[in-house]
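A.B. asks: Structure provided below as structure tokens; questions to follow.
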Amino acid sequence: MADGRPAAGSTREPRLLRSPGRLVAFSDGVFAIAVTLLVLEIVPPDDFGDLTHGLGRLWPSYLAYVVSFLNIGQVWINHHVMFDRVRHVDRGVLFLNTLLLMVIGFLPFSTSLLAGALRAEEGIGTAIVFYGTTLWSAAALFNLIWTHLRRADLLDTTPAAARAITRRFALALAWIGAGIIVGFFVPLAGVAVIACFSAAYYLPIRGE
């Protein structure tokens, strides 16, 4: 049963349900650390004799930083959109959310790889695919968590809001997937697709 109590006459152990408070607090900490680590990729130029030129040459790092910061930001927002509707969490949610945070913690490396490829003007397509796959993995885990929450009856929301959130999360897989494919052939266009995805997912969910 949804409240964790076994049915009358049942010999099963009751399902242990927990408040989502600690999960959300821990997740917020990981998100905060991940966005902070992003700035470490931006290393000041060595030549201060022509500092303006040196700073300008760091544009790949600026681009990767902005795209990743905004992506992690929208993931954090939509994480709250999801967990604002959660009554309880079970072990399955804790495990899947841990995997999601593992992917988020990996994003600074993917960001560094993308910036490095743009600076070197080599391997950019591969870097875009790698970066996009990291984001796609986060989107896939969002869908798994949401599906588990719905099937386990752990949500406190309206059917209309649940359907709207389901559509939003599912669309993310297709959108990021398109960015990965485009980025392999036209790297900067792939970055643009992923950046537009980030911007769009800051918008409120219709029917929410």
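A.B. asks: Given the conditions (1) more than 20 Å from L100 (Cα to Cα); (2) in contact with a helix residue (DSSP H, G or I) (Cβ under 7 Å, 6 or more places away or on another chain), and given that R150 satisfies all but one, which numbered condition is not satisfied?
C.D. replies: All conditions are met except number (1).
A.B. asks: Would you confirm whether or not the range 112-130 contains a residue that is part of a helix (DSSP H, G or I), of a type in the set (D, E, K, R) and within 20 Å of L38 (Cβ to Cβ)?
C.D. replies: Going residue by residue through the range 112-130, those that are part of a helix (DSSP H, G or I) are 112-120, 124-130.
Then drop every residue that is not of a type in the set (D, E, K, R), which leaves 119.
From the residues that got through so far, the ones that are within 20 Å of L38 (Cβ to Cβ) too are 119.
Checked against the condition, which is being part of a helix (DSSP H, G or I), of a type in the set (D, E, K, R) and within 20 Å of L38 (Cβ to Cβ), the range 112-130 yields at least one hit.
A.B. asks: While we're here: Any idea which residue in the range 146-155 is surrounded by the most Cβ atoms within 10 Å (Cβ to Cβ), counting only those that are in a helix (DSSP H, G or I) and either touching a Phe, Trp or Tyr at 6+ places or on another chain (Cβ under 8 Å) or of a type in the set (A, V, I, L, M, F, W, C) (or both)?
C.D. replies: Only one residue tops the list, namely L149.
A.B. asks: Working carefully through the options A139, A192, find the one that is out of contact with any Phe, Trp or Tyr (no Cβ under 6 Å at 6 or more places or on another chain), closer than 23 Å to T111 by Cα, aliphatic (A, V, I, L, M) and free of Cβ contacts under 8 Å to residues at least 24 places away in the same chain.
C.D. replies: A192
A.B. asks: Looking for something exposed (fewer than 12 other Cβ atoms within 10 Å of the Cβ) and of a type in the set (D, E, K, R) - is there at least one such residue anywhere in the range 21-35?
C.D. replies: Scanning the range 21-35, I find at least one residue that is exposed (fewer than 12 other Cβ atoms within 10 Å of the Cβ) and of a type in the set (D, E, K, R), so the answer is yes.
Yes/no matrix, rows are residues, columns are (1) more than 24 Å from A127 (Cα to Cα); (2) under 15 Å from the mean Cα position of the chain (by Cα):
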| site | (1), (2) |
| --- | --- |
| R168 | yes, yes |
| G177 | no, yes |
| F184 | no, no |
| I194 | no, yes |
| S198 | no, yes |
| L203 | yes, no |
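A.B. asks: Let me ask you something else. For a quick check of your reading of the model, give me the residue pairs whose first member lies in the range 37-60 and is free of Cβ contacts under 8 Å to residues at least 60 places away in the same chain and closer than 13 Å to G116 by Cα, whose second is among the hydrophobic types (A, V, I, L, M, F, W, C) and surrounded by 14 or more Cβ atoms within 10 Å (Cβ to Cβ), with beta-carbon atoms closer than 6 Å and at least 6 apart or on different chains.
C.D. replies: Between residues of the range 37-60 that are free of Cβ contacts under 8 Å to residues at least 60 places away in the same chain and closer than 13 Å to G116 by Cα and residues that are among the hydrophobic types (A, V, I, L, M, F, W, C) and surrounded by 14 or more Cβ atoms within 10 Å (Cβ to Cβ), the close pairs are P60/A115; P60/L118.
A.B. asks: If I filter the range 156-187 down to residues being touching a residue at least 60 places away in the same chain (Cβ under 8 Å) and loosely packed, with under 14 Cβ neighbours inside 10 Å, which single residue comes out as farthest from Q74 (Cα to Cα)?
C.D. replies: Only one residue tops the list, namely F185.
A short reminder: the numbers here are calculations on the coordinates, not readings from a lab. Keep in mind that this is a model prediction, so the values were computed, not measured. Because the Cβ atoms are built from the backbone with ideal geometry, glycine has one as well, and the counts that use them run over all protein chains shown.
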